[in-house]
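Colleague: Right, I'll just put the structure down here and ask away after.
The values are calculated or read from the model by the stated rules, or taken from the named source; none is laboratory data. Note that the coordinates shown come from a computational prediction; the quantities given were computed from them, not determined experimentally. So basically every Cβ, Gly included, is an ideal-geometry build from the backbone, and we count neighbours across all protein chains shown.
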Amino acid sequence: MVFSDLFFLYIFIPAVAICYALARCGDRARLKAAETGRAPRYANANLCPYTNAVLIVFSLIFYAWGEPIYIFLMLASVVMNYFVGLFIARGKQSSKPALVVGLVLNIAIIGVFKYADFLVDTLNLTGIGIPKPNIALPIGISFFTFQSISYLIDVYRREVKAQRNFFSLLLYISMFPQLIAGPIVRYSTISEEISNRTINFNDISEGSFRFLIGLGKKVILANQLAEISSKFLDGNLSSLTTGGAWLGIFAYTLQIYFDFSGYSDMAIGMGRCFGFHFDENFNHPYIARTITDFWRRWHISLGSFFRDYVYIPLGGNRRHQPLNILIVWFMTGLWHGASWNFVLWGLYFGAIIMLEKYTILKIKDKIPPIFLHLYSIFVIVFGWVIFYFVDFSRLGEFIPILFGGGKAGGWDAVVHGELMGNIWLLIGAVICCFPISKIIGYFYDKSASSDSAGGEVVLTGLKTICSLAILVVSTLLLIGSTTNPFLYLRF
Amino acid sequence: MKENNSKKYREKTPKRRKISNIVYLSTVLIAFESIGLALLIFPRSTVSITEKRELKKFPEFTLDSYFSGEFTKGVSEWFSDTVPFRDELTNAATAIGELNGFRVGGIRLHGVESLPTESSDTSTSSSESTSSTESSSSSSSSTSSSSSSSSESTHESTSSSSEQKKDDPNIQDHLNITNNGIAVVGDRALMMYGGSYSVGERYAKVMNKYKQAMPNVNVYSMIIPTSCEFYSPSELNGYHASELDNINHVNSFLQGVIPVDAYSALAAHTSEDIYLRTDHHWAPLGAYYAAQQFAKTAGVPFKDISEYSQEVVHGFVGTMYGYSGDIVLKNNPEDFVYYVPTTVEYTTTYYEYELSGGSIVGARPEFDGKFFVRYSDGSGMAYCTFMGGDSQIVKVKTNAGTGRRLAILKDSYGNALPGYLFGSFDEIIVIDMRYFTHNVVDFLTENGTTDILFANNAFHAATASTVTYYETFLTQKDWGYWQTKKPEADAAQ
């Protein structure tokens, strides 16, 4: 099941909302009974058992909807990490071996289910001829495995306590808003909220708004941009013009941002409605002035994962930094997919970030921002070229077309028609890359109306109209749309 | 004073914010629940008139279907596909898509790519041309699929197409053949011709085989140009091949087969409504001029259009809206005008096949029926006026008294022709190139056919499967439909 699906929106969400509201009444009644002494009260007790149960049940339904078999793999992973976590917490002697076992098992899971075919294909390039296992990729395995790894390491580092309640750990790993496409939520971020959380109107209001913004990003922007990008990038490259190549990859650049950040917005918004506060995963990455800055704004939860669990333990800036950067970016690339183009994509950014350390970062204050933006956008867009083409022969064919080396020339009526036919969509998408809400908030706070009731009415009115428009338009665009997956579901 | 007021407001802000949140949340929730309830309460759609297909069915639950993920996927697809008032809502979605930009020169392209250049001066050997045909065919289909996957709406029409093909092949004959997308020019949709010369030679040769197999029968080839040949503006020149070049190319290989110059007949009347704007077919008036040309070539009498009564289906929006999802076509319906002969007597007998998955699985008993089926205003099926479809053999007996008996081997373009020839031939047998279970030589010989007309549009004349169908008709043994019933009927008499 994906978020941008009418069944999810209008059957699953109402069902989970109703059950969650009823369960919340149950939690409150239980808490009240404990406060009035009619029921026992324990320190550190789980204060939301009913709501947690609802979330677990619906999370399992959500996952089983798309993966009726691999749900057992996910459950097995949770069981394994639960016991490993307890062993790590047990004492000094058992913690390190337990951590090693836990890491090996988690890496083995992702290795077998995500990279086995890739490994065999690579080995077969040497002519060995190993039969391909053809293992289907379980949805979200990269996300829930990384969350499990972060949990074990944090327990080992004594940054968090091991979760003794299996169902609480199951909820942390399987929680449907972030289960299949992130963000990679750290256990420490929500460990307290798992057992004790409050929800108020502000949470639900802000969460709903965030969810709808994400829905709009995915359905109105990303899905429509996908039509443009695949028109130019999936077709016959011999008839692709230079203009078509740029328009296609530009559309894809916007598409992947709105697709992925839309999913993160929906996840964060839903989490908020349930009383969880996930960390941000995107911070307007396309306004970055350098690639180093871009990677602080793009898929923040993945970047911080590699920083905290790979880069710094390897020595960070202190020891053999270039090697550490190489390893981290090799892994970042490989995480995105079991294909060499992703590795190349990761190394491409690793190399640029390393170069920036010795060049642009030292003089960036002296360079006009517009040039920095143009440089960053070019590098990012070119990066998406490497990312898009899994097939190296098509990648090799596409790059010369970008720079005028195609047989079909520079511009044609198809590109012109497609550009003009989507000009408002493209301009709107570019505008949405900027931090609009922050800009509006800034001017609103500065204006005299920020203190007036009228200002509040206008702001609420705008927010409401915007939300209703997104809801209605997204619903219309989703009718009959049966294949509508998020790009990051494949990672 | 102002400062005091400001302080007062600030103190009230949390309460105001809370009220704002409540107002916002209740409005959004009411809207959300209203849509959700509407989706549940109103009856679900079962058919899409726009896409001309049956919508998804609720999947059957089995353990296998569940564990393979097919069941849950099917439920999601069913829910999304069968939304109440689906056509109206998808039309609204299409209209919203129109706001994404504007049309340059009133043109919008759907899945159109520039064409690689191909010379008609082919000197390839037979085997080479066969292989190039295959690759051409496959590349065009991959182009078609890639272009369709590129857009939700086109993808939808393509996926619907494959289903539709099972049910209504009449309007589906362009989907598996070489095409280069759709250009909507003003309010007219043009299916861009991407035909290959290499198939043309094979197409000519298969017609030659018919002539060789039946030397005493007159065999004619009418390749019908499509609207993109006449109405495509110059700026789209690089996006479709020349149908005229390919027609001439085919004609250059004909041996004993007489070409019918439908091209010139149509070219002389392009200012009239000879093609449908919203459908991939020609208009009945275009068929009239082509039939007139054929009658002239065949040397048979031909009735003037004044001897027909004009019938009109208003508000017709044809297949091209479903294929392209272009709202301009939906917003600009046209009149479907056809002509029913009034000065000739005729009876029409149908030999109808039963289909499953687009394949023949049986045959219904023969029956007499009307040749012209009247569709109501607004129906998107109006082109099925002629014989109601394709999956059948149709015999029309007339009182023309010319002593000539015609067999038309055709695609759906050919459906519009027979009605103009009732005064020209004593019998007309209409055979669709996809649905025929007899050996064609035996069948036509038994029927005393004197003339065979191949009437296919330029797309099908450049499509390898067309050649395969016609070759199969020559070599296949009779499947036994209808003949098995005949002895019983004789015995009863």
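Colleague: Filter the stretch B:186-201 down to residues that are at pLDDT 85 or above and closer than 19 Å to B:Leu244 by Cβ and give me whichever is nearest to the chain's Cα centre (by Cα).
Modeller: The qualifying residue nearest to the chain's Cα centre (by Cα) is B:Met191.
Colleague: Kindly list the number of the only condition in (1) under 17 Å from A:Gly244 (Cα atoms); (2) out of contact with any strand residue (DSSP E or B) (no Cβ under 7 Å at 6 or more places or on another chain); (3) within 13 Å of chain B (Cβ to nearest Cβ); (4) of a type in the set (Gly, Ala, Ser) that fails for A:Ser467.
Modeller: So the condition that A:Ser467 fails would be (1).
Colleague: If only one of A:Ser59, A:Ser77 is assigned to a helix (DSSP H, G or I), more than 30 Å from A:Ala29 (Cα to Cα) and either free of Cβ contacts under 8 Å to residues at least 24 places away in the same chain or not charged (D, E, K, R) (or both), which one is it? Can you show your working first?
Modeller: Numbers: A:Ser59 fails: more than 30 Å from A:Ala29 (Cα to Cα).
Being assigned to a helix (DSSP H, G or I), more than 30 Å from A:Ala29 (Cα to Cα) and either free of Cβ contacts under 8 Å to residues at least 24 places away in the same chain or not charged (D, E, K, R) (or both) holds for just one of A:Ser59, A:Ser77, which is A:Ser77.
Colleague: Taking A:Gly406 as the residue in question, decide whether it is touching a Ser or Thr at 6+ places or on another chain (Cβ under 7 Å), buried (at least 19 other Cβ atoms within 10 Å of the Cβ) and in a loop (DSSP other than H, G, I, E, B). Before the answer, list the steps.
Modeller: Working: touching a Ser or Thr at 6+ places or on another chain (Cβ under 7 Å): yes; buried (at least 19 other Cβ atoms within 10 Å of the Cβ): yes; in a loop (DSSP other than H, G, I, E, B): yes.
Judged against the criteria, A:Gly406 is a match.
Colleague: Within the stretch A:189-210, can you find the residues that are at the interface with chain B (Cβ under 10 Å from one of its Cβ atoms), surrounded by 21 or more Cβ atoms within 10 Å (Cβ to Cβ) and not small (Gly, Ala, Ser)?
Modeller: Passing the criteria: A:Ile204, A:Phe209.
Colleague: Quick check on this structure: which one of A:Ser188, A:Ser168, A:Ser142, A:Ser174 is farther than 20 Å from A:Leu302 by Cβ and within 24 Å of the chain's Cα centre (by Cα)?
Modeller: Numbers: A:Ser188 fails: farther than 20 Å from A:Leu302 by Cβ; A:Ser142 fails: farther than 20 Å from A:Leu302 by Cβ; A:Ser174 fails: farther than 20 Å from A:Leu302 by Cβ.
Step by step, each of A:Ser188, A:Ser168, A:Ser142, A:Ser174 is checked, and only A:Ser168 is farther than 20 Å from A:Leu302 by Cβ and within 24 Å of the chain's Cα centre (by Cα).
Colleague: Checking A:Leu425 against (1) buried (at least 16 other Cβ atoms within 10 Å of the Cβ); (2) over 26 Å from B:Ile182 (Cα atoms), which single condition isn't satisfied?
Modeller: Of (1) buried (at least 16 other Cβ atoms within 10 Å of the Cβ); (2) over 26 Å from B:Ile182 (Cα atoms), only one is false for A:Leu425: (2).
Colleague: Is it true that A:Tyr375 is under 18 Å from A:Glu227 (Cα atoms) and hydroxyl-bearing (Ser, Thr, Tyr)?
Modeller: Numbers: under 18 Å from A:Glu227 (Cα atoms): no; hydroxyl-bearing (Ser, Thr, Tyr): yes.
The answer is no for A:Tyr375.
Colleague: With the requirement that a residue be buried (at least 18 other Cβ atoms within 10 Å of the Cβ) and assigned to a helix (DSSP H, G or I), what does the stretch B:240-250 give you? Break it down into steps so the answer makes sense when it comes.
Modeller: The initial filter retains those residues of the stretch B:240-250 that are buried (at least 18 other Cβ atoms within 10 Å of the Cβ), namely B:240-241, B:243, B:246-247, B:249-250.
Correct list: B:Glu243, B:Asn246, B:Ile247, B:His249, B:Val250.
Colleague: Would you please name the residue that is modelled with the highest pLDDT, looking only at residues in the stretch A:325-338 that are farther than 17 Å from A:Ile107 by Cα and buried (at least 21 other Cβ atoms within 10 Å of the Cβ)? Before you say what the answer is, go through the steps one by one.
Modeller: Let us first name the residues in the stretch A:325-338 that are farther than 17 Å from A:Ile107 by Cα, namely A:325-326, A:329.
The next check asks that each one be buried (at least 21 other Cβ atoms within 10 Å of the Cβ); those that pass are A:325, A:329.
Values: A:Ile325: 91, A:Trp329: 94.
Out of the qualifying residues, it is A:Trp329.
Colleague: For the stretch B:222-239, enumerate the residues that are surrounded by fewer than 19 Cβ atoms within 10 Å (Cβ to Cβ), within 16 Å of B:Asn179 (Cβ to Cβ) and more than 21 Å from the chain's Cα centre (by Cα).
Modeller: B:Gly238
Colleague: If I filter the stretch A:459-480 for residues that are modelled with pLDDT under 80 and surrounded by 13 or more Cβ atoms within 10 Å (Cβ to Cβ), do I get at least one hit? Spell out the reasoning first.
Modeller: To start, the set of residues in the stretch A:459-480 that are modelled with pLDDT under 80 comprises A:480.
After this cut, where a residue has to be surrounded by 13 or more Cβ atoms within 10 Å (Cβ to Cβ) as well, the list is A:480.
Yes, the conditions are met somewhere in the stretch A:459-480.
Colleague: Mind checking which residues of the stretch B:1-27 are more than 8 Å from every other protein chain (Cβ to nearest Cβ) and at pLDDT 90 or above?
Modeller: Selection gives B:Ser26 alone.
Colleague: Hey, another quick one. Out of A:Glu418, A:Glu397, A:Glu456, report the one residue that is more than 12 Å from every other protein chain (Cβ to nearest Cβ), among the acidic types (Asp, Glu) and surrounded by 15 or more Cβ atoms within 10 Å (Cβ to Cβ).
Modeller: Details: A:Glu418 fails: more than 12 Å from every other protein chain (Cβ to nearest Cβ); A:Glu456 fails: more than 12 Å from every other protein chain (Cβ to nearest Cβ).
Only one candidate qualifies: A:Glu397.
Colleague: Given the criterion of a type in the set (Phe, Trp, Tyr), surrounded by fewer than 20 Cβ atoms within 10 Å (Cβ to Cβ) and closer than 30 Å to B:Leu63 by Cα, identify the matching residue among A:Phe87, A:Phe72. Show your work before the answer.
Modeller: On the way: A:Phe87 fails: closer than 30 Å to B:Leu63 by Cα.
Result of the check over A:Phe87, A:Phe72: A:Phe72.
Colleague: In the stretch B:435-450, which residues are surrounded by fewer than 22 Cβ atoms within 10 Å (Cβ to Cβ), touching a residue at least 60 places away in the same chain (Cβ under 8 Å) and touching a helix residue (DSSP H, G or I) at 6+ places or on another chain (Cβ under 8 Å)?
Modeller: B:Tyr435, B:Val441
Colleague: Identify all residues within the stretch A:133-149 that are under 19 Å from A:Gly333 (Cα atoms) and polar (S, T, N, Q); write none if there are none.
Modeller: Correct list: A:Ser142, A:Thr145, A:Gln147.
Colleague: For the stretch B:28-47, enumerate the residues that are more than 7 Å from chain A (Cβ to nearest Cβ) and either under 15 Å from A:Leu478 (Cβ atoms) or in contact with a strand residue (DSSP E or B) (Cβ under 8 Å, 6 or more places away or on another chain) (or both). I'd like the intermediate steps shown before the answer.
Modeller: Let us first name the residues in the stretch B:28-47 that are more than 7 Å from chain A (Cβ to nearest Cβ), namely B:29-30, B:33-34, B:37-38, B:40-47.
Matches in the stretch B:28-47: B:Ala38, B:Ser45, B:Thr46, B:Val47.
Colleague: So which residues in the stretch B:309-360 are at pLDDT 95 or above, of a type in the set (D, E, K, R) and surrounded by 20 or more Cβ atoms within 10 Å (Cβ to Cβ), if there are any at all?
Modeller: Matches in the stretch B:309-360: B:Glu334 only.
Colleague: Something else: Within the stretch B:211-243, take every residue that is out of contact with any strand residue (DSSP E or B) (no Cβ under 7 Å at 6 or more places or on another chain) and of a type in the set (Ser, Thr, Tyr) and give me the one that is modelled with the highest pLDDT.
Modeller: By that ranking, first place goes to B:Ser242.
Colleague: Name every residue in the stretch A:225-260 that is of a type in the set (Phe, Trp, Tyr) and surrounded by fewer than 21 Cβ atoms within 10 Å (Cβ to Cβ), in order of residue number. Walk me through it before giving the result.
Modeller: Going through the stretch A:225-260, the residues of a type in the set (Phe, Trp, Tyr) turn out to be A:232, A:246, A:250, A:252, A:257-258, A:260.
Within the stretch A:225-260, A:Trp246 is the sole residue that qualifies.
Colleague: OK, next. Any residue at all in the stretch B:90-100 that's within 8 Å of chain A (Cβ to nearest Cβ), under 21 Å from A:Asn223 (Cβ atoms), in contact (Cβ under 8 Å) with a residue 24 or more places away in the chain and not basic (Lys, Arg)? Please lay out each step first, then the result.
Modeller: Kept after step one, since they are within 8 Å of chain A (Cβ to nearest Cβ), are these residues of the stretch B:90-100: B:90, B:92-93, B:96-97, B:99-100.
From what's left, under 21 Å from A:Asn223 (Cβ atoms): B:90, B:92-93, B:96-97, B:99-100.
Narrowing the set further to residues that are in contact (Cβ under 8 Å) with a residue 24 or more places away in the chain leaves B:90, B:97.
Then drop every residue that is not not basic (Lys, Arg), which leaves B:90, B:97.
Among the residues of the stretch B:90-100, at least one is within 8 Å of chain A (Cβ to nearest Cβ), under 21 Å from A:Asn223 (Cβ atoms), in contact (Cβ under 8 Å) with a residue 24 or more places away in the chain and not basic (Lys, Arg), which makes the answer yes.
Colleague: Need pairs with beta-carbon distance below 8 Å; first residue in contact (Cβ under 8 Å) with a residue 40 or more places away in the chain and within the stretch B:31-48, second buried (at least 17 other Cβ atoms within 10 Å of the Cβ) and of a type in the set (S, T, N, Q); sequence gap 6+ or separate chains.
Modeller: As it stands, the answer is B:Arg44/B:Thr82; B:Ser45/B:Thr82; B:Ser48/B:Thr90; B:Ser48/B:Ser160, since those pairs meet every condition given.
Colleague: Further question: When you go through (1) within 15 Å of the chain's Cα centre (by Cα); (2) within 15 Å of A:Glu418 (Cα to Cα) one by one for A:Ile228, which number turns out not to apply?
Modeller: It fails just one condition, (1).
Colleague: Which of the following residues is at the interface with another protein chain (Cβ under 7 Å from one of its Cβ atoms), buried (at least 16 other Cβ atoms within 10 Å of the Cβ) and either modelled with pLDDT of 90 or more or part of a helix (DSSP H, G or I) (or both): B:Ser76, B:Ser65? Reasoning before the result, please.
Modeller: Values: B:Ser65 fails: at the interface with another protein chain (Cβ under 7 Å from one of its Cβ atoms).
Going through B:Ser76, B:Ser65 in turn, the sole match is B:Ser76.
Colleague: Residues that are under 19 Å from the mean Cα position of the chain (by Cα) and under 30 Å from A:Thr475 (Cα atoms): does the stretch A:232-251 have at least one? It would help to see each step written out before you state the result.
Modeller: To start, the set of residues in the stretch A:232-251 that are under 19 Å from the mean Cα position of the chain (by Cα) comprises none.
Among the residues of the stretch A:232-251, not one is under 19 Å from the mean Cα position of the chain (by Cα) and under 30 Å from A:Thr475 (Cα atoms), which makes the answer no.
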